[in-house]
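Undergrad: Here it is, the structure, as structure tokens.
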Amino acid sequence: MGSRSQSSFGRYHGMISREEADQLLSQAEGSYLIRESQRQPGTYTLALRFGNQTRNFRLYHDGKHFVGEKRFESIHDLVTDGLITLYIETKAAEYIAKMTINPIYEHVGYTTLNQEPTLKKHLPHSPEAPDGPAPAKDDCNAEERLTSLVRRATLRESDLAPKYEKVHNFKVHTFRGPHWCEYCANFMWGLIAQGVKCADCGLNVHKQCSKVVPNDCQPDLRHVKKVYSCDLTTLVKAHNTKRPMVVDMCIQEIEARGLQSEGLYRISGFSELIEDVKLAFDRDGEKADISSNAYEDINIITGALKLYFRELPIPLITYDAYPRFIETAKITDPEKRLESLHEALKLLPPAHCETLRYLMAHLKRVTQYEKENLMSSENLGIVFGPTLMRAPELDAMTALNDIRYQRLVVETLITNEDVLF
């Protein structure tokens, strides 16, 4: 596959026909040339000799060269990767088709290294069990060197971990050096973009294998670097919690010292200090200090909580569920509206539904101090409607009309939280 024709390898040959290109390349397997199309002047074709025939590919350039999804710095790299792919797909087509039938993934189990210390922290201490010796530093280093595949095989998933299902967040990835798919355990071929890597847990698989990997992503704290603007399910699974810690901590702080504060959630705190709270959570996680010593004004904490919900990439009431919730709000019969709302809640991912339940129970407690804080369920609906619900790519007028229904959804959820959840 490697002999090169000195007369034709890699040269630009101008506007020549397919037949002429075929004749030039016929002497050397793996040789190639670039020609300008006679039928469509200004467009270019890569002619490549493989399997004793000349194959023609429309060639594009946008700063990098490409004929398909992959983009290359040089034509040479594009051709080399193409020859590898053609060879594998030609010689091993039947094997590739069967790769996902009996994957190693199903036999090794799946979890991540970062979960172990988190889970230990929640386990009760047994006085009868003697304390073992502290692990040697070399042992820790050795553990760090374990491959992710071995980690998944050796670490068991704890019963304490929330059982939320989460899809993998696969991104096309270029692997340096030989790499094997962690689903089928087969080699990932090519020069660049040989496969995909989950941005949340680090799982490495073939692109075709990614379509059949179970929705069991267990995010790794080494990949999940922030709290705000992070997918909600990703965050709770990474931190091994039922709800985002920012929601729990802010609500606990508000209920401890702010329920009687006039205009709670309606009055805005100082934006720079709200940003400080956000940075504290992103930097310190559950160790962030949001006490009265750090932030005396409770409106800063309510502002930080609202900001968290606004910055979710997928809103608390998800884009997929949004139309159903809006239709529910349009139902005039109160009993039928509740029934429809109960069904709509089933459309939410479990972590979203649990967080919504906790938030609505909190807002219900806020309304119990309405005489002091002047915040009724209607007022809270006005504040939280657009915060928890965002229209999925609707035109401006439709989105504007939806605001009243968003308010009504949240108001109904607050008023009936004990029945709906």
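The values are calculated or read from the model by the stated rules, or taken from the named source; none is laboratory data. The structure displayed is predicted, hence computed values, not measured ones. All Cβ positions, even for glycine, are placed from backbone atoms using ideal geometry, and neighbour counts span all protein chains on display. Please note that ligands, DNA and RNA were not included when accessible areas were found on the heavy atoms of the full protein model with its side chains. Shrake-Rupley method; radii C 1.70, N 1.55, O 1.52, S 1.80 Å.
Undergrad: Which one is farthest from M15 (Cα to Cα), of the residues in the range 38-66 that are assigned to a strand (DSSP E or B) and open to solvent by 60 Å² or more (accessible area, probe 1.4 Å)? I'd like the intermediate steps shown before the answer.
TA: In the first step, residues of the range 38-66 are kept if they are assigned to a strand (DSSP E or B); the result is 44-50, 53-61, 65-66.
Of the ones still in play, those that are also open to solvent by 60 Å² or more (accessible area, probe 1.4 Å) are 44, 53, 55, 57-58, 60-61.
Numbers: Y44: 9, Q53: 20, R55: 17, F57: 15, R58: 14, Y60: 16, H61: 18 Å.
Among those residues, the one meeting the criterion is Q53.
Undergrad: OK, next. For the range 245-263, enumerate the residues that are acidic (D, E) and outside any helix (DSSP H, G or I). Steps first, answer last, please.
TA: Initially, the range 245-263 is screened for residues acidic (D, E), giving 248, 253, 255, 262.
Correct list: E262 only.
Undergrad: In the set E69, E73, which member is without any contact (Cβ under 8 Å) to a residue 24 or more places away in the chain, within 21 Å of Q194 (Cβ to Cβ) and exposed (fewer than 15 other Cβ atoms within 10 Å of the Cβ)? Outline the logic, then answer.
TA: Numbers: E69 fails: without any contact (Cβ under 8 Å) to a residue 24 or more places away in the chain.
Every option except E73 fails the conditions.
Undergrad: Out of the range 264-293, which residues are open to solvent by less than 30 Å² (accessible area, probe 1.4 Å), in a helix (DSSP H, G or I) and closer than 15 Å to F309 by Cα?
TA: Listed by number, the residues that qualify are I274, V277, F281.
Undergrad: Restricting to the range 327-383, give me the number of residues that are in contact with a Leu (Cβ under 9 Å, 6 or more places away or on another chain) and of a type in the set (V, I, T).
TA: Residues that pass the stated criteria total 5.
Undergrad: Given the conditions (1) assigned to a helix (DSSP H, G or I); (2) of a type in the set (D, E); (3) within 29 Å of E275 (Cβ to Cβ), report the number of the one that E296 does not fulfil.
TA: Of the numbered conditions (1) assigned to a helix (DSSP H, G or I); (2) of a type in the set (D, E); (3) within 29 Å of E275 (Cβ to Cβ), the odd one out for E296 is (1).
Undergrad: Could you say which residue among R11, R35 is surrounded by 13 or more Cβ atoms within 10 Å (Cβ to Cβ), touching a strand residue (DSSP E or B) at 6+ places or on another chain (Cβ under 7 Å), modelled with pLDDT under 85 and farther than 20 Å from I84 by Cα?
TA: Only one candidate qualifies: R11.
Undergrad: Could you count how many residues in the range 169-196 are surrounded by fewer than 22 Cβ atoms within 10 Å (Cβ to Cβ) and either closer than 27 Å to H352 by Cβ or in the same structural domain as P313 (by the TED database) (or both)?
TA: Going residue by residue through the range 169-196, those that are surrounded by fewer than 22 Cβ atoms within 10 Å (Cβ to Cβ) are 169-180, 185-193.
After this cut, where a residue has to be either closer than 27 Å to H352 by Cβ or in the same structural domain as P313 (by the TED database) (or both) as well, the list is 169-171.
Within the range 169-196, residues that are surrounded by fewer than 22 Cβ atoms within 10 Å (Cβ to Cβ) and either closer than 27 Å to H352 by Cβ or in the same structural domain as P313 (by the TED database) (or both) number 3.
Undergrad: Does the range 67-83 hold any residues that are assigned to a helix (DSSP H, G or I) and more than 22 Å from K211 (Cβ to Cβ), and which are they?
TA: Of everything in the range 67-83, those that are assigned to a helix (DSSP H, G or I) and more than 22 Å from K211 (Cβ to Cβ) turn out to be I75, H76, D77, L78, V79, T80, G82, L83.
Undergrad: Just for the range 217-272: of the residues that are in the same structural domain as E372 (by the TED database) and without any contact (Cβ under 8 Å) to a residue 24 or more places away in the chain, which one is farthest from S377 (Cα to Cα)?
TA: E272
Undergrad: Right, something else. Looking only at the range 375-389, which residues are aliphatic (A, V, I, L, M) and either under 25 Å from the mean Cα position of the chain (by Cα) or part of a helix (DSSP H, G or I) (or both)?
TA: Within the range 375-389, the first condition is being aliphatic (A, V, I, L, M), and the residues that meet it are 375, 380, 382-383, 388-389.
Result: L380, I382, V383, L388, M389.
Undergrad: Suppose we keep only residues that are in a helix (DSSP H, G or I) and farther than 24 Å from L348 by Cβ within the range 390-411. Which one would you say is least open to solvent (accessible area, probe 1.4 Å)? Outline the logic, then answer.
TA: As a first pass, look at the range 390-411 and keep what is in a helix (DSSP H, G or I): 396-411.
Now narrow it down to the ones that are farther than 24 Å from L348 by Cβ: 396-397, 400.
On the way: A396: 84, M397: 119, L400: 107 Å².
Here the answer is A396.
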